[in-house]
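Below is one structure, written out as structure tokens; the observations come after it.
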Amino acid sequence: MTVETKLPFNQEYIQAFSKDRNEPGWMATIRSKALEMADSLDMPKPDKTKISNWNFTDFQHSYKEAATIASLDELPEELKAYFDKDASMENLYIQRNQTAAYNSLAQDLQDKGVIFTDIFTAINEHSELVEKYYMNDAVAVDQNRLTALHAALMNGGVFVYVPKNVQIEDPLQAIFWQEDTDSALLNHVLVVAEEGSSVTYVENYISHNDTEETVANLVTEVFAHDNAQVAYGAVDNFAAGTTTYVNRRGVAQRDAQINWALGQMNDGNTISENITYLLGDNSNSEAKAVSVGRGKQTQNFTSSIRQFGKQTDAYILQRGVMKGAATTIFNAIGKIEHGGTKSNSEQESRVLMLSEKSRGDANPILLIDEDDVTAGHAASVGRVDPLQMYYLMSRGLEQEEAERLVIHGFLAPVVSQIPIESVRKQLTQVIERKVY
Amino acid sequence: MSGSVLEIKNLHVSIEDKEILKGVDLTVKGGEFHAIMGPNGTGKSTLASAIMGHPKYEVTEGTITLDGEDVLEMEVDERARAGLFLAMQYPSEISGVTTSDFLRSAINAKREEGDEIPLMKFIKELDKDLDYLDIDQNMATRYLNEGFSGGEKKRNEILQLMQLKPDIAILDEIDSGLDIDALKVVSKGINKMRSDNFGCLIITHYQRLLNYITPDFVHVMMQGRVVKSGGPELAKRLEAEGYEWIKEELGIEDEETAEQNA
């Protein structure tokens, strides 16, 4: 009996897709094996969120190349707001649909061997380097059906490589702009920071499909080698029609640091996993995330830091605001593995409910397999404090303005961590728009 | 031009169905400083909260008007914009909102759209008042009341008073928990507000505040009513002799005793 595939893609299609992009053999093999596996793998099982009715698998994959962007003046105003007007426009990658439409990297960084380029160019020009990291140690192809689908059908993304001891002062910025929504986005971001290097990377996902349905299946893999530092900022802003699965993982070696600041502002249903492995001794990670849920969307966010090394330090901070009939689950999982002595795991998850019909849940989970450690957690789900409102309104602020201040204040600990000022402002505006 | 008039008539207020105020009459006019004194638990702070519109307090009878306008019909923010201000005994902590951002929003809330206070003017006036109240400049950039000491919170309330310039202010135990130096500074700020266009209702447990701020009128509250009014000399006598003589003079029995006798 042949396996009945529910997926509307076959090996022929995938191999043709790979060949069209002149991919090396290893990549074609990953795609092919992944497709083979996909059917037999389970869907991810986010805690307390039922996704059996969500469409993650039925979508259009083929796409036409979009026009490249010669000058940033061609961009719509909404997009221009994502970067500083006076900035040099260096260290910027813009992906229009699935096409690398604009890419610049400062000359001095190029001279030092920094790579900042679209994923297909990277696979061709830096084949061995990408092969070493691509879906091996961070996100496994066979983690679940969606990671396998991602591996089989990956159709966009960016590669960041920072050589040993290179410190990049200015942030690298990527904008993934889904101008058309005909095809699903299976975007892959790979960041490799070699020993003693440092980099700040900020990405924005933007789409406008309020009604047309499509899928985003995103994977990020971050590798911080010994004593490397990676600051990773993101503002996800897919419109209501996009169903999103986003899997961001980091692997930190000895003395390395990976800090996440994620603004998760999608309007559609979303499953988000952000997992960091602190493998090396004395490595550390902060995973900070904010979300605003509205309308009828359902979202599930998991932030997890697994600590293998000794003297590792982990801090998870989640803040969510729920309105309308939105449902959001926040899972914070701190895990100290056996052998991770003198490690510390802290977490805080807080959800603010603005409406009767919205639902929110914060699940603090600490899993400790070692004695000589410290850990702490805090979680709360509540409404805006009427006494805070009374205090602010007693100074003449209208109810809406008072509530706005309380909400901004509530989200500030995460928003303030977004590395690029223009992106931070943009996130603040998105929050404003979503809350009112 | 003379100032505003806050008029309270026969005010009855309950909290969770327990009546605290049982018919308070009081009028505060621009240019006047009134002090309300009285033992603990007699309804002084309830009066302050009811005037401002605290969500937990229910007015069951009586009226409050400001220049003839019905205050009880107004939302809390409307009362503020009409000219009322309450320096609170326990100000809320608002995480993530800086004191200066909050103050600017509050100042602009009173102004017309398009007539917002220019940023430089705001900063200049804020710096001036911070200096006047001996407050560290960095308070402006700290989150509102978060992690403030008791004294810092009180100074911050007076800072807001000076910045927002209300017509009628109510100060609810602004002196509690202050050391003598802080008390002097806070009093200095309040005295600076004195003008024909500013009326003030000072609620205090202790006479010592009145050594620094001289009231024009002193009222004694007991058992939910104003039982005696007089001039500054009344406060001095209370300080010297306590409240017992008033009870005797007016034939007021302690409530617990009264209940037992009933």
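Laboratory data are not the source of any read-out in this text; all were calculated from the coordinates shown. This structure is a prediction, so every number in the text was calculated from the model and none was measured. Here Cβ is always computed from backbone atoms with ideal geometry, including for glycine, and neighbour counts include all displayed protein chains.
Run the numbers on region B:195-247 and let me know its relative contact order in percent, using alpha-carbon pairs under 8 Å that are six or more apart. Relative contact order for region B:195-247 comes out at 29 percent.
Here the protein assembly as shown is assigned +1 on the Cβ of each Lys and Arg and -1 on the Cβ of each Asp and Glu. Its dipole about the Cα centre then comes out at about 260 debye. Charge tally around residue B:221: other residues with Cβ under 10 Å, Lys/Arg +1 each, Asp/Glu -1 each, net +3. Between residue A:11 and residue A:128, what's the calculated FRET efficiency when r is the beta-carbon distance and R0 is 30 Å? Round to 0.05. So the FRET efficiency works out to roughly 0.75. With springs only between Cα atoms under 10 Å apart, run a GNM on chain B and tell me which of B:180, B:202, B:135 wobbles the most. Evaluated over chain B, the most mobile residue of the options is B:180. Among A:124, A:144, A:301, flag the residue with its Cα farthest along the positive direction of the charge dipole of region A:11-384, charges on Cβ as +1 for Lys/Arg and -1 for Asp/Glu. The one lying farthest along the dipole's positive direction is A:301.
For chain B, the relative contact order works out to 28 percent when only alpha carbon pairs closer than 8 Å and six or more residues apart are counted. Distance from the C-alpha centroid of region A:205-262 to that of region B:77-100: 39 Å, rounded to the whole angstrom.
What FRET efficiency do you get for residue A:195 and residue A:110 if R0 is 25 Å and r is their Cβ-Cβ distance, rounded to the nearest 0.05? Display every interim value, and only then the final one.
On the way: r = 20 Å, r/R0 = 0.81.
After rounding to 0.05, the efficiency reads 0.80.
Shielding value for B:94-105 is 5, the average number of Cβ atoms from other chains within 10 Å of each residue's Cβ. Among the listed pairs A:425/B:121; A:19/A:164; B:18/B:110; A:164/A:288; B:121/B:192; B:56/B:165, which are separated by more than 31 Å between their Cα atoms? Going by Cα-Cα distance, A:19/A:164; B:18/B:110 fall outside the 31 Å limit. Using only DSSP helix segments of four residues or longer, with each worth -39500 (n - 2.57), what per-residue ellipticity at 222 nm results for the protein assembly as shown after dividing by its residue count and rounding to 500? Per the formula, -8000 deg cm²/dmol. Among bridges DSSP assigns within region A:11-384, what percent are antiparallel (round to 5)? Roughly 5 percent of the beta bridges in region A:11-384 run antiparallel, per DSSP.
By its C-alpha gyration tensor, with a ≥ b ≥ c as the square roots of the eigenvalues, how is chain A shaped: rounded for a/c under 1.5, else prolate for a/b larger than b/c, else oblate? It comes out rounded by the Cα gyration axes.
For the protein assembly as shown, what is the percent of antiparallel DSSP beta bridges, rounded to the nearest 5?
Numbers: 35 of 183 bridges.
Roughly 20 percent of the beta bridges in the protein assembly as shown run antiparallel, per DSSP.
Rounded to the nearest 20, the size of the Cβ-charge dipole of region B:1-57 about its Cα centre is 60 debye, with Lys and Arg at +1 and Asp and Glu at -1. Highest mean packing first, where packing is the average number of other Cβ atoms within 10 Å per residue, the peptides B:154-163, A:104-113 line up as B:154-163, A:104-113.
Show me the ranking of peptides B:87-93, B:240-246, A:318-324 by mean Cβ neighbours inside 10 Å, starting with the highest.
Details: B:87-93: 20.1, B:240-246: 12.1, A:318-324: 23.9.
Put in order of decreasing packing, that is A:318-324, B:87-93, B:240-246.
Overall, region A:11-384 carries a charge dipole of about 1180 debye about its Cα centre when +1 sits on the Cβ of Lys and Arg and -1 on the Cβ of Asp and Glu, all other atoms neutral.
Shape verdict for region A:64-192, please, from the Cα gyration tensor: rounded (a/c under 1.5), prolate (a/b greater than b/c) or oblate. Let's see the in-between values first.
Details: a/c = 2.12, a/b = 1.15, b/c = 1.85.
Oblate shape, in that a/c is at least 1.5 and b/c is the bigger or equal ratio.
Sequence-distant contacts, meaning Cα pairs under 8 Å at least 6 residues apart, place the relative contact order of chain A at 10 percent. Using the Cα centre of region A:11-384 as origin and beta-carbon charges of +1 (Lys, Arg) and -1 (Asp, Glu), tell me which of A:355, A:193, A:289 is placed farthest towards the positive end of the dipole. Projecting each Cα onto the dipole axis, the largest value belongs to A:355.
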